[in-house]
Amino acid sequence: MDIKEVKINSVKANKDNPRIIKDDKFRKLVKSIEEFPEMLKLRPIVVNNDMVVLGGNMRLKACKEAGLKNVHIIKAEDLTEEQQKQFIVKDNVGFGQWDWDMLANEWHPEELSDWGLDVWQPETDVDYSILDDEDLSDELDQMTDDVKKAIQVPFEASDYESAMEIFKFWRERGAYVGYMIMQFLKNEKEKIQ
């Protein structure tokens, strides 16, 4: 396959691509392209015969944002429709954020998992009754003196990414997130009582 340089406007973004990069990560991608545009020749945008992006949708958007007039492409000329759809998912396994609704409507979770995606699975019931043993409780208390303990907080799959961004934001600033949550919940409880 030959790498070709083409006018950026001749390449069409793929509206069915379930992968997106938001806000800060997108700005970083634009900045990396502005600082090192030569990398685009090493990682060209993959298009089909109609010049629709199969791999590199966010790179195309970032190139436009960076003001590039041309981009490097590779045409995937011999792929079936099914192979093109698979390529879109498999090419993006490790980057950006997924539109989970689009993926759920298009693919089975087993396929996505086989391709390397961490697909949401329902929680399994865990038997914590062993922790009710008083002897074990005393031992745990001794082992965990002055150690922060954790409480698992479940989130809807659609809220998970946002929650992780918020937790990361506060942890990077040295905040004790557990205490912040506890204080908020304590204040809310006082309002109710």
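Which net charge results when you count Lys and Arg as +1 and Asp and Glu as -1 among the other residues whose beta-carbon is under 15 Å from that of E77?
On the way: positive: K4, K75; negative: D2, D50, D78, E81.
Charge balance near E77 sits at -2.
Quick one: check the C-alpha center-to-center distance for segment 1-21 versus segment 41-72, whole angstrom.
Using only Cα atoms, the two centres lie 4 Å from each other.
Here are some pairs, K4/K31; K31/K168; K25/K75; K7/K168; K64/K85; which of them have Cα atoms lying more than 32 Å apart in this structure?
Numbers: K4/K31 23 Å; K31/K168 22 Å; K25/K75 27 Å; K7/K168 39 Å; K64/K85 24 Å.
Violating the 32 Å limit, Cα to Cα: K7/K168.
So what are the three principal axis dimensions of segment 3-114 from its Cα atoms, in whole Å, longest to shortest?
Per principal axis, max minus min of the Cα coordinates gives 39, 34, 20 Å.
Any chance you could list the semi-axes, whole Å, largest first, of the equivalent ellipsoid that the Cα gyration tensor gives for segment 146-192, using √(5λ)?
Values: eigenvalues 71, 54, 26 Å².
The equivalent ellipsoid of segment 146-192 has semi-axes of 19, 16, 11 Å.
A short reminder: the numbers here are calculations on the coordinates, not readings from a lab. Keep in mind that what you see is a predicted model, and the values were worked out from it rather than measured. Because the Cβ atoms are built from the backbone with ideal geometry, glycine has one as well, and the counts that use them run over all protein chains shown.
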